[in-house]
Structure formats: C-alpha cells, structure tokens
Amino acid sequence: MNQTLQTVTEWLEAHRDQTLLITKREMDDLDRVKLHLDNSEFQQLAESESIDDYTDGVALLLHGEGAVLNGGGEHPLPQDTFVISMAGLSDAHALGDSLELTTERASYTIMTEH
C-alpha cells in the first residue's frame, strides 16, 4: 500500500465508531454529509458496480449510518455508504481530527464531530 493510502487508512481506523462531518468540494458544488463511521474499505469498482454512478476504479467506501446535510435539513445517506472516488488521488493529509483528500474530481475534508 502506498504512503498516501496508508495515511488515509490509519486516520480512518483511529476514528472508527465516531461521527464524521464530510465536506466535498467539486467545481462550484459543495456537499456535506454526517456519518457515524462503522468501517471503511478500499474497493475496485467497475462502472456497473458503482453505488452512486460516480465511481469507476478504486473507491474508498465509508460505511455507517449517515445523512446528507443541506439547507432543507437532513436526508438519509443511500445504502449507509459514502463513496469517494480515489481516481487521481494527489494528496492526503491528516492533522489531528481532520483528514484532507484531493482527487482529480474533488477535494474532501473529513472531520470528527465535536
């Protein structure tokens, strides 16, 4: 496993069974998700297997009960899984209670809820 993926794995393992706040920035779009992390895994997904029609290739799957947060309230997270495409992962930086990921499509900030 390369160092970048090792950083991600170690941070997620250290924050298992905690509630995470995930912010995804993609172009002019900002999405926020709240998720109680049960476990995580890297998985090779073909387009036909994609949970969200977004991922083709290696994906980080964050499993746990969660909700999409928006101005209208909270909406349950489909299949209790949040998927991050790891295609073009260029940076993963862990600092205490936060993890920042940068991929070719989006940037993510994952923080523990206090």
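The values are calculated or read from the model by the stated rules, or taken from the named source; none is laboratory data. Treat the numbers as computed from the prediction; the structure is a model and nothing was measured. Methodologically, a virtual Cβ is constructed for each residue, glycine included, from the backbone with ideal geometry; neighbour enumeration extends over all protein chains shown.
For this structure, a couple of remarks:
- Test: residue in region 61-75 that is modelled with pLDDT of 90 or more, outside any loop (DSSP other than H, G, I, E, B) and surrounded by fewer than 14 Cβ atoms within 10 Å (Cβ to Cβ): yes
- Only residues that are touching a Gly at 6+ places or on another chain (Cβ under 9 Å) and closer than 8 Å to Leu35 by Cα were counted in region 64-81, giving 1.
- Failed condition for Asp17, given (1) in a strand (DSSP E or B); (2) modelled with pLDDT of 95 or more: (1)
- Number of residues in region 82-110 that are within 13 Å of Val33 (Cα to Cα), in contact with an Asp or Glu (Cβ under 8 Å, 6 or more places away or on another chain) and crowded, with 16+ Cβ neighbours inside 10 Å: the value is 3.
- The set of residues in region 20-37 that are surrounded by fewer than 16 Cβ atoms within 10 Å (Cβ to Cβ) and either among the basic types (Lys, Arg) or in contact with a His (Cβ under 7 Å, 6 or more places away or on another chain) (or both) comprises Arg25, Arg32.
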